[in-house]
Amino acid sequence: MFRILVSDAISEEGLTPLRKSEQMEIVQKKVSEAEAELHQFDALLVRSATKVTEELLSKMTNLKIIGRAGVGVDNIDVEAATKRGIVVINAPNGNTISAAEHTFAMMAALVRHIPQAHISVKSREWNRSAFVGTELQGKHLGIIGFGRIGSEVAKRARAFGMTVHVYDPFLTKERAEKLGVSIHTLDEVLACSDIITVHTPLTKETKGLLGEKNLAKTKKGVYLINCARGGIIDEQALIPFLQNGHVAGVALDVFEQEPPGDHPLLKFDNVIVTPHLGASTVEAQLNVATQVAEEILQFFEGKPVTSSINLPALSKDVYDKIQAFYHLAKKMGMIASQYMNIPVQELSVTYAGTVADLETTYITRSLLAGFLRPRVASTVNEVNATMIAKERGITYGEKFSDETHGYANCISLTVHGENKTFTIKGSHIPNYGDRIVHFDGFAIDFAPEGHLLYIQHQDRPGMIGKVGNVLGEHQVNIATMQVGRQEAGGKAIMLLSLDKPIDDAVTQKLTEIEDIDAVKRLEV
Ligand SMILES: NC(=O)C1=CN([C@@H]2O[C@H](COP(=O)(O)OP(=O)(O)OC[C@H]3O[C@@H](n4cnc5c(N)ncnc54)[C@H](O)[C@@H]3O)[C@@H](O)[C@H]2O)C=CC1
Ligand SMILES: O=C(O)C(=O)COP(=O)(O)O
């Protein structure tokens, strides 16, 4: 049973996929009301109100996934979640149309003074001359940030007869041409636009993007809209531009602090506001909640999630293809880590045969996670493996080769440690399973499964019997045994899989057998 804390207002209908599953228990409470049970939740489902801080994560010790029913994840400490191996997912396109429509509604309201006129009429006034507006047709609209929402705003603006100028450093010429907009520098957009709307995420680069310096570059009489994130337009910097009439009006759906409280901007008649309503439509809420609920369900069923912030995107199709290699790589990593129980500087992974054509980034992450697991006390998985490797000074790299050693596919891992290098090779054979086909220079064939025992010895008659005797004396049953040697009478290895783990005393006894050079337990 998985427990899911839903701490913000999420569409009830959207939660249906989770409610239908007997494996899921949904608890709808604010974080502050769930203090005593925070450590029990496997998943956390939020919108923008819940602040998922490092402190909260430290209390949610069982948390595996955070679902954001919406786009912006600036309320989530993604780095802290990643460090803890917690997957963060969002619903990137479920509310695009609603946010674009809200932006457009704000634009129309702004230039036609609808909120102000509405209040006036409700106050029993009839003052038509006070609310003369301007048309949108023929005006120049500047869009900063041309992703999903920015481009939907552009389509609507063009339908209204506006000319659209875009600033987005990541926008290609082809996409701009396709959507009938022109690409500009930020300064050009600031200088030529009658109305400017921002649609970027809030990042170090975009925080205060429209601050004092850039506001001074705008046209006198410009209108500004922020339906993206509070802080992209610097709220304090706006005040003098509103006071001196340089900015004709501002529409804000989002604020640096939400709710904004007694904010000085709220005193300006030409500042119109909504309480972060961009995604607040029945349709958007159903979309985002359903998307996130389905992803969480997939995740707990061990299937791939497609919209993770801290994992490479993986479609079901791709996952189906890589999944066998993903498990093989993890086991190879675990074996290599235990075998090389010394400090390690570098892992080098080579893919050959059919596996080389797949999405190997994910397979390598899995291998890294397997490698780090025996070395790290905290949770390590595909989410935080690369980060932990970096912290520990372990570099890793992928190579591709044609050398399959006669198998249809082959993953080869070489671990470079202090004065020692170890190579292990594995293959996944359909309808047969995972096999380790090469171990530290020996050709061998064993299944990387369960309680393994590695013995390096001299190739002498009777070695198998001696090992069998010691294990038998300690009531340890051998499930399978594989042997490999480089040349008759030379160095040889045995790989045994046992029905139960053995303790130090048994390992010691085995080490004492004449002609046995090394004994290692390997748990997979
Ligand atoms: N008010 C509301 O209720 C809602 C607000 N949002 C917010 O709207 C914003 C945009 O969302 P989407 O369009 O879905 O995101 P998106 O990721 O599709 O688009 C963001 C665009 O910003 C561009 N960008 C990034 N850094 C930039 C920079 N320094 N200068 C210029 N452009 C830059 C990116 O290249 C990308 O094209 C986000 O902040 C999101 O959180 C989204 C939904 C609802
Ligand atoms: O999706 C986004 O980025 C939004 O800003 C929507 O926020 P909300 O889910 O309405 O709190």
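Observations on the model:
- The chain: relative contact order as a whole-number percent, Cα under 8 Å and 6+ apart: 11 percent
- Most to least packed among 121-127, 492-498 [average Cβ atoms within 10 Å]: 492-498, 121-127
- Compactness relative to 2.2 N^0.38 Å, alpha carbon Rg of the chain: 1.28
- To put it simply, the accessible area of the chain at a 1.4 Å probe is 51 percent carbon and sulfur.
- If you take the alpha carbon atoms of the range 95-273 and fit the smallest convex hull around them, that volume is 119 Å³ per residue.
- Rg to Rh quotient for the range 316-523, alpha carbon positions, Kirkwood Rh: 0.98
- Sorting 2-9, 83-90, 167-174 by their mean Cβ neighbour count within 10 Å, with the most densely packed peptide first, gives 83-90, 2-9, 167-174.
- Accessible area expressed per residue, the range 1-40, with surrounding protein chains retained (probe 1.4 Å, Å²): 57 Å²
- Projecting the Cα atoms of PRO448, ALA505, CYS192 onto the dipole axis of the chain, where Lys and Arg carry +1 and Asp and Glu carry -1 at the beta carbon, places CYS192 farthest toward the positive end.
- The string of couplings for the range 378-384 from the Karplus curve (6.51, -1.76, 1.60, θ = phi - 60°) is 7, 4, 9, 8, 4, 5, 9 Hz, one whole number per residue in order, with x for Gly and Pro.
- For the chain, the longest principal axis of the alpha carbon atoms and the long axis of helix 316-339 meet at an angle near 50°.
- Per-residue ellipticity at 222 nm computed for the chain from its helices equals -9500 deg cm²/dmol, with DSSP H segments shorter than 4 residues left out and the rest contributing -39,500 (n - 2.57).
- Per residue accessible area of the range 95-273, 1.4 Å probe, in Å²: 50 Å²
- Overall dimensions of the range 125-174 by Cα: Rg and Dmax, Å: 14.9, 51
- Here r is the Cβ-Cβ distance between SER401 and PHE268 and R0 is 51 Å; the resulting FRET efficiency, rounded to 0.05, is 0.20.
- Normalised by the number of residues in the range 419-487, the mean separation of alpha-carbon contacts (under 8 Å, six or more apart) gives a relative contact order of 25 percent.
- Beta bridges per DSSP, both residues in the chain: antiparallel share near 50 percent.
- Over 21 Å apart at the Cα level, from the set LYS500/LYS520; LYS51/LYS204; LYS155/LYS217; LYS303/LYS390, are LYS155/LYS217; LYS303/LYS390.
- For the range 325-475, the solvent-accessible area works out to 42 Å² per residue, with a probe of 1.4 Å and every protein chain left in place.
- Taking all pairs of distinct alpha-carbon atoms in the range 349-469, Kirkwood radius in angstrom: 16.3 Å
- Across the range 95-273, C-alpha contacts under 8 Å between residues 6 or more apart give a mean separation that, scaled by the residue count, equals a relative contact order of 19 percent.
- Cα centre as origin, Lys/Arg/Asp/Glu Cβ charges: the chain dipole, Debye: 1060 debye
The values are calculated or read from the model by the stated rules, or taken from the named source; none is laboratory data. The structure displayed is predicted, hence computed values, not measured ones. Positions of Cβ are generated from backbone atoms using ideal geometry, with glycine treated the same way; all protein chains shown enter the neighbour counts. With ligands, DNA and RNA removed, areas are computed over all heavy atoms of the protein, side chains included. Shrake-Rupley method; radii C 1.70, N 1.55, O 1.52, S 1.80 Å.
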